[in-house]
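A.B. asks: Got a structure for you, questions after.
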Amino acid sequence: MARIIGIDLGTTNSCVAVFESGSGPRVLTGSAHVRTTPSVVAYTGERNSGEVLVGEKALRQAVTNPKRTILGSKRLIGRKVNAKDVGSFARTAPFRIVSAPNGDAWVRVDDTPISPQEVASHVLRDLRAQAEQSLGEPVTRAVVTVPAYFDESQRQATRDAGTIAGLDIYRILNEPTAAALAYGAHRVRAGRRIIAVFDLGGGTFDISIMSVENNVFEVLATNGDSALGGDDWDRALIEHWVDSIFDEYRVDLTSDPVAMGRLKEAAESAKKALSSESSTTLQLPYLHAGSGAKPLHIERKITRNEFNALTADLLDRLSAPCYRAMKDAGLAASDIEEVLLVGGMSRAPAVQVAVESIFAQPASKAANPDEVVALGAAAHAGILAGDDEEATLLDVAPHTIGIKVGSTGFAAIITRNSMLPVREHKLFATNLDDQDFVEVEIYQGESESITGNRKLGQVRLGGLPRGKAGTVRIKLTVTVDVESILSVKATELSTGKSAQVRITPSGGLSEGDLEEIVEKRRTEAMSVARPPEDD
Ligand code: AMP
């Protein structure tokens, strides 16, 4: 049977791994021998004639091609353009974010609108090719990880990205669950263990509290900050240097994109160096050539203590989400047996000190934080393929599900973090005399008003018996199964008459849209493969 690969499709970087019977999961590096791939896609030249670059190649040309270089497409996948954090991302992104006809957030390259599913599919296709090079065999199936808080649209949109990339997404797995699997959290000892997965990547921070018992993984609560990540630490350093260069030479580097690109690279290297050294030196010869002025050669030393002082405010932002997650899970730091580190930025010593003070214990550092999620996805693929011992993964509903009441009110029925599968009932009555139908609108979200939540669908029950307002009673049954499929049934109690809807998640693209994109990709691939015809 062909193997199933595990993919960590990250906001900043992605990674692919496979499970080998006997030796366990390993990262697949492809012929370029890269362990992680930047989740960056760049369109060069005109969309229909230019090339699509992925990963390091795309990142390298980002400074000179900012409008056609898409970073962080994971922030847009399955999202509406009017969502608050999409808006704040759009304000700082160098490329254009536009609204698709259905209100989804898409990007626009030159005049072409492109769905984030298509953008992400290029990263998936690249990882798939990397896996095929390493394994020497075709790969068509994958387990792909997503943050635990991703809603159904975001999960479905991720699946759709896989379809476009020619991958059958066997399972969508929560990132903290993948990390816990890779750390072998289920093998430590029998009995219930509570663990925290602290994931600080390049662009986002996620904290999850999980329980692991008898090979059952359960995400108890998740929290985080979608606008906090390693990039912010880089930015603090860049701003510090831009200011100090301005003070010394009266040169404003922010208007020199090439110099800013070099500073960004240097800031990230310095930050990484400061994770293992107590000081480092920035050396950037010919950073800027002012008009008529001498070229600027910059050399700056920075110590770890100075760097920590510059970024103290960022560090402070790590604690509140951790406390909120513990509170949602009904647990205290003393209940947490182990803290697992995920995400490259969790390598910074100051971050590890913060983790230790929040959870009153040092974090486990046994695994490589850049690769642990992909390794866990591969371990899960191994379980699915029957190569590994059985482990069951249990999930929770990432959002509250409820109905519209009055003109804009929201009444919760299934609360966030309920363990799946879950079923809840709600009774209500007609509010008009001789009302002959009811229509119930179903929403998901944490706001008290439907305007802040997302509509999932509606169920209509007609042919109600005649009666005074308040006398005809309807029971609503809301079920979310283990695959997160939601069904809603409305039953009139005196007659037993009922209506039901099954709400299958939509990632924003219809089946027709998907087929069209897949077909277009196929023709593009064929025209590239075919030798040019002679006239
Ligand atoms: P991820 O999204 O998990 O790949 O994490 C990427 C982030 O981790 C980037 O901001 C990297 O600069 C950062 N990172 C990687 N290695 C280190 C390190 N040794 N020290 C500090 N940050 C790092």
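A.B. asks: Please pick out the residue among GLY470, GLY457, GLY463 that is part of a strand (DSSP E or B) and not assigned by TED's automatic domain parsing to the domain that holds THR222.
C.D. replies: On the way: GLY470 fails: part of a strand (DSSP E or B); GLY463 fails: part of a strand (DSSP E or B).
On inspection, the qualifying residue turns out to be GLY457.
A.B. asks: (1) at pLDDT 95 or above; (2) within 16 Å of the ligand (Cβ to nearest atom): which one isn't true of THR281, the others all being true?
C.D. replies: Among (1) at pLDDT 95 or above; (2) within 16 Å of the ligand (Cβ to nearest atom), the lone unmet condition for THR281 is (2).
A.B. asks: If only one of GLY6, GLY87 is within 22 Å of SER153 (Cα to Cα) and modelled with pLDDT under 95, which one is it?
C.D. replies: It is GLY87.
A.B. asks: Is it true that SER208 is within 16 Å of the ligand (Cβ to nearest atom), buried (at least 24 other Cβ atoms within 10 Å of the Cβ) and among the hydroxyl-bearing types (Ser, Thr, Tyr)?
C.D. replies: Yes.
Matching residues to (1) touching a His at 6+ places or on another chain (Cβ under 6 Å); (2) surrounded by fewer than 23 Cβ atoms within 10 Å (Cβ to Cβ); (3) at pLDDT 95 or above:
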residue	(1), (2), (3)
ARG125	no, yes, yes
ALA129	no, yes, yes
GLU132	no, yes, yes
TYR149	no, yes, no
THR177	no, no, no
TYR183	no, no, no
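A.B. asks: Just to confirm my filter: which strands (runs of 3 or more DSSP E) fall fully inside the stretch 3-63 and include at least 1 residues that are within 15 Å of the ligand (Cβ to nearest atom) and under 21 Å from the mean Cα position of the chain (by Cα)?
C.D. replies: Per the criteria, 4-8, 13-20, 24-27, 40-43.
A.B. asks: For ALA142, only one of the following conditions fails: (1) free of Cβ contacts under 8 Å to residues at least 40 places away in the same chain; (2) closer than 30 Å to ASN102 by Cα; (3) of a type outside the set (S, T, N, Q). What is its number?
C.D. replies: Every condition holds for ALA142 apart from (1).
A.B. asks: Checking the structure you have, find out if any residue of the stretch 275-292 is out of contact with any Ser or Thr (no Cβ under 8 Å at 6 or more places or on another chain), closer than 18 Å to LEU200 by Cβ and not aromatic (Phe, Trp, Tyr).
C.D. replies: Scanning the stretch 275-292, I find at least one residue that is out of contact with any Ser or Thr (no Cβ under 8 Å at 6 or more places or on another chain), closer than 18 Å to LEU200 by Cβ and not aromatic (Phe, Trp, Tyr), so the answer is yes.
A.B. asks: Would you be able to tell me the number of residues in the stretch 295-345 that are within 26 Å of the chain's Cα centre (by Cα) and polar (S, T, N, Q)?
C.D. replies: Summing the residues that are within 26 Å of the chain's Cα centre (by Cα) and polar (S, T, N, Q) in the stretch 295-345 gives 2.
A.B. asks: Are any residues in the stretch 348-369 within 19 Å of ILE195 (Cα to Cα) and surrounded by 17 or more Cβ atoms within 10 Å (Cβ to Cβ), and if so, which ones?
C.D. replies: Passing the criteria: VAL351, GLN352, ALA354, VAL355, ILE358, PHE359, ALA363, ALA367, ASN368, PRO369.
A.B. asks: Report those strands (runs of 3 or more DSSP E) wholly inside the stretch 67-140 carrying at least 3 residues which are in contact with a helix residue (DSSP H, G or I) (Cβ under 7 Å, 6 or more places away or on another chain).
C.D. replies: Counting at least 3 such residues, we get 105-109.
A.B. asks: Against the condition under 17 Å from PRO398 (Cα atoms) and surrounded by 14 or more Cβ atoms within 10 Å (Cβ to Cβ), how does THR430 come out, does it pass?
C.D. replies: Considered against the rule, which asks whether it is under 17 Å from PRO398 (Cα atoms) and surrounded by 14 or more Cβ atoms within 10 Å (Cβ to Cβ), THR430 comes out as no.
A.B. asks: Being within 16 Å of the ligand (Cβ to nearest atom), closer than 25 Å to PRO38 by Cα and outside any loop (DSSP other than H, G, I, E, B) is the filter here; which residues of the stretch 347-385 pass it?
C.D. replies: Hits for the stretch 347-385 are ARG347, PRO349, ALA350, VAL351, GLN352, VAL372, VAL373, ALA374, LEU375, GLY376, ALA377.
A.B. asks: Only residues in the stretch 301-318 that are within 16 Å of GLU277 (Cβ to Cβ) count as the first member; pair them with residues that are of a type in the set (Lys, Arg), Cβ under 9 angstrom, at least 6 apart or cross-chain, and list the lot.
C.D. replies: PHE307/LYS271
A.B. asks: I've got another one for you. Applying the selection to the stretch 433-449, what residues are surrounded by 14 or more Cβ atoms within 10 Å (Cβ to Cβ) and touching a His at 6+ places or on another chain (Cβ under 9 Å)?
C.D. replies: GLN444, GLY445
A.B. asks: In addition: Could you list, in sequence order, all residues of the stretch 513-523 that are farther than 15 Å from SER153 by Cβ and at pLDDT 85 or above? Walk me through it before giving the result.
C.D. replies: Going through the stretch 513-523, the residues farther than 15 Å from SER153 by Cβ turn out to be 515-523.
Matches in the stretch 513-523: GLU515, GLU516, ILE517, VAL518, GLU519.
A.B. asks: For the stretch 13-41, what are the residues that are at negative phi, among the small types (Gly, Ala, Ser) and in contact (Cβ under 8 Å) with a residue 24 or more places away in the chain? Quick ask: steps written out before the conclusion?
C.D. replies: Pass one, the stretch 13-41, residues at negative phi: 13-21, 23, 25-29, 31-32, 34-41.
Filter again for among the small types (Gly, Ala, Ser), leaving 14, 17, 21, 23, 31-32, 39.
Matches in the stretch 13-41: SER14, ALA17, SER21, SER31, ALA32, SER39.
A.B. asks: Any idea which of GLU306, GLU239, GLU265 is of a type in the set (Asp, Glu) and within 12 Å of the ligand (Cβ to nearest atom)?
C.D. replies: It is GLU265.
A.B. asks: Of everything in the stretch 147-200 that's in contact with a Leu (Cβ under 7 Å, 6 or more places away or on another chain) and of a type in the set (Phe, Trp, Tyr), which residue is farthest from SER73 (Cα to Cα)?
C.D. replies: Ranking the candidates gives TYR183 first.
The values are calculated or read from the model by the stated rules, or taken from the named source; none is laboratory data. Just so we're clear, the structure is a prediction, and the values are computed from it rather than from any experiment. A quick note on method: Cβ atoms are made from the backbone with ideal geometry, for glycine too, and the neighbour counts reach across all protein chains shown.
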